[in-house]
Amino acid sequence: MCTALRAGVIGSPTRYPCGARRNRTDLEEPAIATAVLFDVDGTLVDSNYLHVHAWHRAFHALDRPVDSWRVHRAIGKGSGKLLRTLLGDEDADRVGERAKDLHSRFYLETADLLRPFDRAPDLVRELAGRGVRVVLATSAGPDELDALRKVLAVDDVVAGIVSGDDVEATKPDPEPVFAALEKAGTAPAETIFVGDAVWDVHAATKAGVRTVSVLSGGVGAAELTDAGAVAVYDDAAALLAGLDESVLIS
């Protein structure tokens, strides 16, 4: 059992399962979650760095090199916002569609390397088995989504899937979260979003949904809690191990 302090609280430490770090916002004792919305890339599937490599190759092919660390910082945004962040508005308009096509092609070439994070499918199935409505929310397009669904293999227990084709505005805009809420059929106060990026936290917060974050996407705990995550876990396996003490259940 690891020991973690609730952010901003002075006194004896509160014990949480290994990998869990809670933010002070969980002191408000909101409603227990009846639905959990999961980001997929970097949260349930080990794919973020494949995306970084694919974007890196795409930018190189278009003679617009971008440092990989900058690409990683933008992962989790929708592709249009990612391109404007990394290339600027003018260049994104000029080469954006070609960049998206190249990224998708290069990413799918590495699809055999995709794998779910340890215990990620088990986490989804455990929640569904407890009567929690689970919705997958991803900005992936059809081909990428097919690859993610294949490796996760949880379609039989999820209540719905929201993809990039279902929304016009992407994270950090809240529209994907609102779409996932509609699939879940739950109110924001009784819903938790689980993601790996600050863009997940921003989008969920704008929709009135609490976020539990994981470190498996490569973003640090301090940055995620500063963005507003109510708790941070190492990965899906750590969240599953501490599920009974998490804000998802208790």
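The values are calculated or read from the model by the stated rules, or taken from the named source; none is laboratory data. Just so it is clear, the model here is predicted, and its values are computed rather than measured. As a convention, Cβ positions derive from the backbone with ideal geometry for all residues, glycine included, and neighbour counts pool all protein chains shown. The accessibility values were calculated without ligands, DNA or RNA, using every heavy atom of the protein model including side chains. Shrake-Rupley method; radii C 1.70, N 1.55, O 1.52, S 1.80 Å.
A few points about this structure:
- Here D89 fulfils each of the conditions (1) in contact with a Lys or Arg (Cβ under 8 Å, 6 or more places away or on another chain); (2) farther than 28 Å from A159 by Cα apart from (1).
- Where a residue in segment 38-62 is at positive phi and its partner, wherever it lies, is part of a helix (DSSP H, G or I), with Cβ under 8 Å and at least six apart: G42/N48; G42/S216; G42/G217
- Test: residue in segment 97-116 that is crowded, with 18+ Cβ neighbours inside 10 Å and in contact with a strand residue (DSSP E or B) (Cβ under 8 Å, 6 or more places away or on another chain): yes
- Residues satisfying the stated conditions in segment 209-224, i.e. touching a strand residue (DSSP E or B) at 6+ places or on another chain (Cβ under 8 Å), over 19 Å from V45 (Cα atoms) and open to solvent by 30 Å² or more (accessible area, probe 1.4 Å): R210
- Qualifying residue in segment 122-132 (condition: at pLDDT 95 or above, farther than 26 Å from A187 by Cβ and open to solvent by 30 Å² or more (accessible area, probe 1.4 Å)): yes
- Selection from segment 226-239 of residues that are touching a strand residue (DSSP E or B) at 6+ places or on another chain (Cβ under 9 Å) and open to solvent by 30 Å² or more (accessible area, probe 1.4 Å): D234, D235
- Scope segment 40-61; condition open to solvent by 10 Å² or more (accessible area, probe 1.4 Å) and either charged (D, E, K, R) or more than 19 Å from the chain's Cα centre (by Cα) (or both); matching residues: D41, D46, H56, R57, H60, A61
A quick yes/no check of all residues on (1) of a type in the set (V, I, T); (2) at pLDDT 95 or above; (3) more than 19 Å from P142 (Cβ to Cβ):
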{"position": "N48", "(1), (2), (3)": "no, yes, yes"}
{"position": "V66", "(1), (2), (3)": "yes, yes, yes"}
{"position": "G78", "(1), (2), (3)": "no, no, no"}
{"position": "D93", "(1), (2), (3)": "no, yes, yes"}
{"position": "G96", "(1), (2), (3)": "no, yes, no"}
{"position": "H103", "(1), (2), (3)": "no, yes, no"}
{"position": "L113", "(1), (2), (3)": "no, yes, yes"}
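- As a summary of the residue check, G195 satisfies the conditions (1) open to solvent by less than 10 Å² (accessible area, probe 1.4 Å); (2) of a type outside the set (A, V, I, L, M); (3) over 11 Å from the mean Cα position of the chain (by Cα) except for the one numbered (3).
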